[in-house]
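Notes to accompany the following structure.
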Amino acid sequence: MEVKLSNLNDYTVVSIHGRVDTLTASDFESKILEVLEGGAKKLLLDCSDLAYISSSGLRVFLVAQKKMMASGGSLKLCCLQPEIKEIFDISGFSTIFSIFPDAESAAAQ
Amino acid sequence: MEYLFSLFPVILFLACLFLLDSFKLVSQKLLLLSLLWGIIAAGLSYFANSWLTNILNLHYTTLIRYIAPVTEEVLKALLIFALIRIRLIGFVIDAAIYGFAIGAGFALTENTFYIMQLGSDTELFVWIVRGFGTAIMHGGCTALFSIILIAGMQREKSVWTSSLAGMALALFIHSGFNHFAINPFLQTLLIILVLPTFFVIIFNQSNSMLQNWLEIEFSNEVEMLRMIRQGQFKATRAGEYLASIKKHYSPEMIVDMYWYISLYLELSIKAKRNIMLKESGFPVMPEVGIKEKLIELQQLRKQIGKVGEMSLRPLIRINHRDLWTMNQLK
């Protein structure tokens, strides 16, 4: 799992590459927390290269969402692969997160 | 001062256990019920012990060493037994907390009674031993019974065997404590050192088991449901398995099995999602039609019957923990 950071409009974009599972979730969490501690108020998780996400990974998304809500910030998800989007839909997590088809439409709102 | 030393430690210990419940498995209503049951059990024990002393003409030493531990531990354990049987307790963590709460309710009543009986002239040492030693021992014994019973249920052992094993350990500790074979102060110190360490180890282990369970089952269930919804179920190993047992059942039964698997997966995923939401501090989402779906699942389970359920075991093996998880959706 790799994480790349970039900026788009006011958003800090975190592009996730590879798998977020039990083995990589804690590494992913510490990277996300690092970004949040750096003062990011608008966070966009770009999932175009996210190949797999398990419950440990979903938990990190929830932690990030909770922290953003507490600090008055905003967390958005974009570019989910159909299989990953289906995981969110099936489990009902798509109603908890703001999910956008692409980074531009997410950062525009 | 006697109130502080005899009542406060057990409440503090219970609060610490409650805070260690990172998955928020414990319901506040059941926690209060457990405390209340502890108070009732103390009252009932008092009458039972007095009655037994009279009819058996018991000596005080015999009563506190051998008889009181039995009446008290059995009465305290009754609620835990019932809660586990009706699947309102699913994991070691909630079992231990409810168990400790019952013991805490019991000890609070007992210690208040002793304060009223003995008055404030009694040495502080007595209240320290009662508050840190006896009270924590009461909570710890019922918690141990709960842990052993739920661990047995999770391993699909007989409920009676697990109950007897749990009760035997609780009685051994309670009776051993009441023998005061070593200095009461040392005994209390031992309880203070051993029990918290034991609970921290058990809670850590249970948390990591719970995380693994969520990790493996959630992903597998999502994947299987995804295949079902895409009409690709036949291509999966589960689908192949269902096709292989087709000849043993009527077509209607196979349809019921298919919907049973599908509905079970949907509800199980939602229940696990709710556990994850609670762990992260999110409110659980109310969902329309959940009750109807749970009823439908029960109906399908009945229609399939025990034999059908046995046949589906390689695909879905519903155990006590799964049924508890489903209960969380109600």
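The values are calculated or read from the model by the stated rules, or taken from the named source; none is laboratory data. Just so it is clear, the model here is predicted, and its values are computed rather than measured. Heads up, the Cβs are rebuilt from the backbone with ideal geometry, glycines too, and the neighbour counts pull from every protein chain shown. Side chains included, ligands, DNA and RNA excluded: accessible areas come from the protein's heavy atoms. Shrake-Rupley method; radii C 1.70, N 1.55, O 1.52, S 1.80 Å.
What size of dipole, in debye to the nearest 20, comes out for segment B:231-327 about its Cα centre when the only charges are +1 on Lys and Arg C-beta atoms and -1 on Asp and Glu C-beta atoms? Walk me through the numbers on the way to the answer.
Values: 16 positive and 10 negative charges, 55 e Å.
Charge dipole of segment B:231-327: 260 debye, to the nearest 20.
Accessible surface area normalised per residue over the protein assembly as shown is 48 Å², counting heavy atoms of protein chains with a 1.4 Å rolling probe.
Please average, across the residues of B:271-281, the number of beta carbons from any other chain that are within 10 Å of each residue's own beta carbon, and give a whole number. Provide the component values of the computation, followed by the final result.
Numbers: counts 0, 2, 8, 1, 1, 8, 7, 0, 3, 11, 5.
For this peptide, the per-residue mean of nearby foreign Cβ atoms is 4.
Helix by helix through chain B, keep the DSSP H runs that span 24 Å or more along the axis on Cα and average at least 1.0 on Kyte-Doolittle, and give those back in order. Taking the DSSP H segments of chain B (at least 24 Å long, mean hydropathy at least 1.0), we get B:2-20, B:28-56, B:68-85, B:92-118, B:135-154.
Would you work out if segment A:2-108 is rounded, prolate or oblate? Take a ≥ b ≥ c from the square roots of the eigenvalues of the alpha-carbon gyration tensor; rounded if a/c is under 1.5, else prolate when a/b is larger than b/c, oblate otherwise.
On the way: a/c = 1.36, a/b = 1.17, b/c = 1.17.
Taking the square roots of the gyration eigenvalues as a ≥ b ≥ c, segment A:2-108 is rounded.
Shielding value for A:84-93 is 5, the average number of Cβ atoms from other chains within 10 Å of each residue's Cβ. In the assembled protein chains, B:L164 presents an accessible area of approximately 120 Å² (probe radius 1.4 Å). Its DSSP H runs of at least 4 residues, each contributing -39,500 (n - 2.57), put the calculated 222 nm mean residue ellipticity of chain A at -13500 deg cm²/dmol, to the nearest 500. Between amide H atoms placed 1.01 Å from N, distances below 5 Å from B:N319 occur with no residue 5 or more places distant or on a separate chain.
What does the charge add up to near B:T109, with Lys and Arg as +1, Asp and Glu as -1, over the other residues with Cβ less than 13 Å from its Cβ? That sum, taken over residues with Cβ under 13 Å, equals 0.
The Cβ shell under 13 Å around A:T24 holds other residues with a net charge of -2, Lys and Arg each +1, Asp and Glu each -1.
Annotation: amide H-H contacts under 5 Å for A:L45 (H modelled 1.01 Å from N, sequence separation of 5 or more, or interchain): A:V14, A:K76, A:L77, A:C78. Annotation: aspartates and glutamates with alpha-carbon distance below 12 angstrom to B:K330 (same-chain offsets under eight excluded): B:E287, B:E292.
Dipole orientation for segment A:2-108: of the candidates A:N9, A:T22, A:P101, A:N9 has the Cα lying most toward the positive pole (charges on Cβ; Lys, Arg +1; Asp, Glu -1). Say the cut-off is 22 Å between C-alpha atoms; which of A:K42/A:K67; B:K278/B:K306; A:K4/B:K272 go over it? Long pairs (Cα-Cα over 22 Å): B:K278/B:K306; A:K4/B:K272. Straight-line reach from B:K76: taking Cα to Cα under 19 Å and skipping same-chain neighbours fewer than 8 places apart, the lysines in range are B:K29.
Rounding to the nearest 20 debye, state how big the charge dipole of chain A is about its Cα centre with +1 on each Lys and Arg Cβ and -1 on each Asp and Glu Cβ. Spell out each step's value before the answer.
On the way: 10 positive and 14 negative charges, 73 e Å.
Its charge dipole is roughly 360 debye.
Report in % the part of the accessible area of segment A:2-108 that belongs to carbon and sulfur, leaving out ligands and nucleic acids; probe 1.4 Å. Write down the numbers at each step before the final one.
Values: 2380 of 4640 Å².
The C+S portion of the solvent-accessible surface of segment A:2-108 is 51 percent.
Start at zero, step by 5 Å, and the Cα-Cα distances of segment B:2-206 spread as 1, 8, 16, 20, 22, 16, 9, 5, 2, 0, 0 percent across the bins. Residues of segment A:37-81 whose accessible area, computed with a 1.4 Å probe over protein heavy atoms, drops by at least 30 Å² once all protein chains are present relative to their chain alone are A:S55, A:R59, A:L62, A:K66. Expressed as a whole percent, the accessible surface of chain B that belongs to carbon and sulfur atoms is 66, based on a 1.4 Å probe.
Got the relative contact order for chain B handy, in percent, Cα pairs under 8 Å and 6 or more residues apart? It would help to have the intermediate numbers written out before the result.
On the way: 354 pairs, mean separation 69.5, N = 330.
Computed value for chain B: 21 percent relative contact order.
Only helices enter this figure: runs of n ≥ 4 DSSP H residues, each worth -39500 (n - 2.57), summed and divided by the residues of chain B, yield -26500 deg cm²/dmol at 222 nm to the nearest 500.
For the chain pair B and A, the buried solvent-accessible surface (1.4 Å probe, both sides summed) amounts to about 1800 Å².
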